[in-house]
């Protein structure tokens with residue numbers, strides 16, 4: 001954007017247009033020309049019919065990313081569940097052995 005304004009400034013400053021248009025109207029001319037270019041660019045992009053990033057074109061990449069995340073989360077979840085199950089079994093085993101010791105002492 002600054003390159004466009006710099007070029008406009010060069011053209012206008014070396015031109016006899018300043019004398020014709022007047023110094024007060026130079027800024028209005030610059031702004032109008034810049035807006036004209038931006039509006040045309042926006043219209044061209046709307047009419048282009050393609051996207052810079054169109055999700056259906058990248059569906060495989062998106063699905064692959066979700067599948068990888070799902071597998072990693074599944075692994076983390078199963079590891080956590082296995083850890084909880086192992087701790088529960090150890091706790092149950094300790095409780096059962098303790099209860100058996102108490103029963104043996106009563107005999």
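Panel order for 95, 34, by other beta carbons found within 10 Å of each beta carbon, from fewest to most: 95, 34.
Here is the tail figure for the stretch 53-107: Cα pairs spaced more than 17 Å apart come to 64 percent of all pairs. Given their separation in residues at 0.36 nm each and the Cα-Cα distance between them, residue 106 and residue 91 gain 3.1 nm when the chain is fully extended.
Taken together, the values in this text are just the output of simple stated rules run on the coordinates, not laboratory data. Remember, predicted model here, so these are calculated numbers, not experimental data. So basically every Cβ, Gly included, is an ideal-geometry build from the backbone, and we count neighbours across all protein chains shown.
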